[in-house]
Amino acid sequence: MKITLKDGSCKEYSSAMSVYDIALDISEGLARAACAAEINGNTADLRTVIDSDCELNILTFDSEGGKKAYRHTCAHVMAEAVKNLYPEAKLTIGPAIDNGFYYDFDMPSLSREDLDNIEKEMKKIIKKGDKLKRYTLSKEEAIKLMTERDEPYKVEMINEHPDSDTFTFYQQGDFIEFCAGPHLMSTKQIKAFKLTSSSGAYWRGDEHNKMLTRIYGTAFNKKADLEEYLAYLEEIKYRDHNRLGRDMDLFTTVDVIGQGLPLFMPKGTKMIQKLQRWIEDLEDNEWGYVRTRTPLMAKSDLYKISDHWGHYKEGMFILGEDDEDEEGNSVSGNEIFALRPMTCPFQYYVYKTRQKSYRDLPYRMGETSTIFRNEESGEMHGLTRVRQFTISEGHLICTPEQIADEFKGCVELARYCLKTLGLEEDVTYRMSKWDPEHPDKYLGSADEWDTVEDAMRKILDDIGLEYTEEAGEAAFYGPKLDIQAKNVYGKEDTMITVQLDMFLAERFDMYYIDENGEKKRPYIIHRTSMGCYERTLAWLIEKYAGKFPTWLCPEQVRVLPISEKYEDYAKKVLSELKKNGIDATIDNRSEKIGYKIREARLDKLPYMLVVGANEESSGKVSVRSRFA
């Protein structure tokens, strides 16, 4: 058989060989470094036997596939250590993830001391250096084995595969795990690891299921790389908006109010106010938007027209008892209301109030919209995923000839906002498409979706954007451009969206009069210019570690009198600053000036104005800055 390697060279063998043996034949060094392989582009275990011509790529830790196999093996070592120390713990899943791995156990929660003890046990396992053996069992044998070992979650997972005849297991010493792999050849290959944290996690991410204990960790093949990564984690903790935003008195949450319902303190409110005023003035004065203000709730009838009731009802907050029959008619005759999860249906009726001609288009409507989404509790985090949030929402009603230029304008506006905030370099672009495998999740036909996706693709190519395409991420009524960014922990969120809508104008009977006096259906663009204010604030906190651009700071200047004798002059300086639109405060506490300066620096203030005898006599101030 002929094996074509990644560099184009070929190896020929007269009989079947495992990937590991081929790596060993190439060089002992490669075999020692090998973590997994790709056979004809598909990830494979090192134990996989090759018996025909193929393309082979041996994966080391330097590749993403190699890292995953390495870290997945470390997750197994951790699971073995947990079972050694806590025999009653039940295994669930333990995948490799970006920058590490985790494993969920059905067991009590753990302290940092517990994690340290698990680490010690892992080191013993690694030192022992058990080889990982891979074998398969029939479904009946697999269920029997996991039942005997009292692993109910594994039995549940095996039963979920009714069409599978065989199931893969890996064994190291006495530890056995139902797992597809791939894995390292031996636990001894793991050179450096660290358990970073533990938290609660619902089984299968469903809040109705049992809460499990999740242990996070990471692993590297060099100790120096691990130490560098741990230092990076410390920096992440420093920048985490959930901690830093609370420390800076920007926002907080209260259990009796509810999860995902943040309270903004005066400083955080000031920042959102600045962002909102900037965006509204920008859209209205420079981009030709008209501003609307629409209700926070509506009858279910509205959402039935848009079909959000059919496609998004589970994500909505329903007010009153939902007593409808299968056809959507109220059984009791009561009207059902819901808090709005979007603004588009409301703004459509603003458009429809007066008849429009082609001369009135494009008709650009903007609104600072507070909307509500019934997020699952396990999904919420700080300000990035909440149940009530406010967005810079807008809808553009266009003729077919205007759609390309208006879409490009929306992208240009979004990129201008990102650039102004210093965030332009931190984003990626994704074209979110429908999923043809699940057409029931969407309005319209395959041909209609193909047409509008081709149109969007051409617009994006004309702009010159570098973007990826992702099936299944479109809204049910149209594809969209999602501008994506990652938080400090590497989790990606959508920050800004620009979307083509090809169905709702028909459903809401929206039209305009063309140049021939005939009624025509308009095209609609749904968009945000800056996105969600809460999520953007979280992003800014993490980006700048609280040292915001001066224009955005809730407190730009603090006046620091040296003593009480100069308080009147300090107040005069403060008054002059405020007259000129500067957000300033005064620290008139009876503290030493050095203490006041240190506090101001800890509060990350851009400027401090120290005033004393010399400053008062000359009518000046002594300026200190965080920038110098």
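Coordinate-derived values only; no laboratory data. As the structure is a computational prediction, the values presented were derived from the model and not from experiment. When we count neighbours, we look across all protein chains shown, and the Cβ atoms used for this are built from the backbone with ideal geometry, even at glycine.
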Practice task
Return Thr196, Thr60, Thr451 ranked ascending by Cβ neighbour count within 10 Å, so the fewest neighbours appear first.
Solution key: Thr451, Thr196, Thr60
Problem - Segment Glu425-Glu148, length gained on full extension (0.36 nm per residue, minus Cα span) - result: 94.3 nm
Exercise for the section: Please work out whether segment 2-60 counts as rounded, prolate or oblate from its C-alpha gyration tensor, where a ≥ b ≥ c are the square roots of the eigenvalues and a/c under 1.5 means rounded, while otherwise a/b larger than b/c means prolate and anything else oblate? Expected result: rounded
Completion exercise
From DSSP H assignment alone, runs of 4+ in the chain each adding -39500 (n - 2.57), the sum over residues rounded to the nearest 500 puts [θ] at 222 nm at -10500 deg cm²/dmol
Completion exercise
A student applying the Cα gyration tensor rule (rounded when a/c is under 1.5; otherwise prolate if a/b is larger than b/c, oblate if not) would label the chain oblate
Practice task
List Tyr303, Tyr429 from most exposed to least, where exposure is judged by having the fewest other Cβ atoms within 10 Å.
Solution key: Tyr429, Tyr303
Practice task
Using Cα positions and a limit of under 19 Å, work out the aspartates and glutamates in reach of Lys223, with same-chain residues fewer than 8 apart set aside.
Solution key: Asp62, Glu64, Asp98, Asp116, Glu119, Glu121, Glu234, Glu235
Exercise for the section: Provide the gained length on full extension for the span Ile97 to Trp287, in nm with one decimal, where the gain is 0.36 nm per separating residue minus the Cα-Cα distance. Expected result: 64.2 nm
Problem - Note, ³J(HN,Hα) from phi for segment 66-82, Karplus 6.51, -1.76, 1.60, rounded to Hz, x at Gly and Pro - result: x, 4, 5, 5, 4, 6, 5, 5, 5, 4, 5, 4, 4, 4, 4, 5, 4
Fill in the blank from the handout: The residues His438, His526, sorted from fewest to most surrounding Cβ atoms within 10 Å, come out as His438, His526
Practice task
On a C-alpha basis, how far is the centre of segment 294-308 from the centre of segment 442-479 in Å? Whole number, if you could?
Solution key: 26 Å
Exercise for the section: Would you mind checking the pairs Lys270/Lys604; Lys124/Lys191; Lys270/Lys543 and listing those with alpha carbons more than 22 angstrom apart? Expected result: none
Handout entry: Cα-based shape type of segment 555-625, given that a ≥ b ≥ c are square roots of the gyration tensor eigenvalues and the cut on a/c is 1.5
Key = oblate
Practice task
Subtracting the Cα-Cα distance from 0.36 nm times the residue separation, let me have the gained length for Leu465 to Arg521 in nm, one decimal.
Solution key: 17.2 nm
Exercise for the section: Could you name the lysines whose alpha carbon sits less than 21 Å from that of Lys356, not counting residues in the same chain fewer than 8 places away? Expected result: Lys519, Lys520
Completion exercise
Long-range amide H partners of Ser197, meaning residues 5 or more apart or on another chain whose placed amide H is closer than 5 Å, are Tyr216
Practice task
Treat each spin label as a single point 7 Å out from the Cα along the C-beta direction, and report the Arg507 to Ala446 distance in nm.
Solution key: 2.3 nm
Exercise for the section: Output ³J(HN,Hα) for segment 478-488: one whole-Hz value per residue in order, computed from phi by the Karplus curve 6.51 cos²θ - 1.76 cosθ + 1.60 with θ = phi - 60°, and x for Gly and Pro. Expected result: x, x, 8, 9, 9, 9, 9, 8, 9, 7, 5
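Using Cα pairs under 8 angstrom and six or more residues apart, how large is the relative contact order of segment 555-625, in percent? Don't jump to the answer; show the numbers that get you there.
Working: 111 pairs, mean separation 29.3, N = 71.
Result for segment 555-625 is 41 percent.
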Handout entry: Entries of Lys6/Lys67; Lys237/Lys578; Lys547/Lys579 with Cα pairs more than 27 Å apart
Key = Lys237/Lys578
Problem - Separation of alpha-carbon centers, segment 44-83 and segment 367-387, rounded to whole Å - result: 38 Å
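Calculate the FRET efficiency for Asp225 and Ser109 from the Cβ-Cβ distance with a Förster distance of 35 Å, rounded to the nearest 0.05. Please report the intermediate quantities before stating the final value.
Details: r = 30 Å, r/R0 = 0.85.
My answer for the efficiency is 0.70.
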Completion exercise
Taking Cα pairs closer than 8 Å and at least 6 residues apart, the relative contact order of the chain in percent is 9 percent
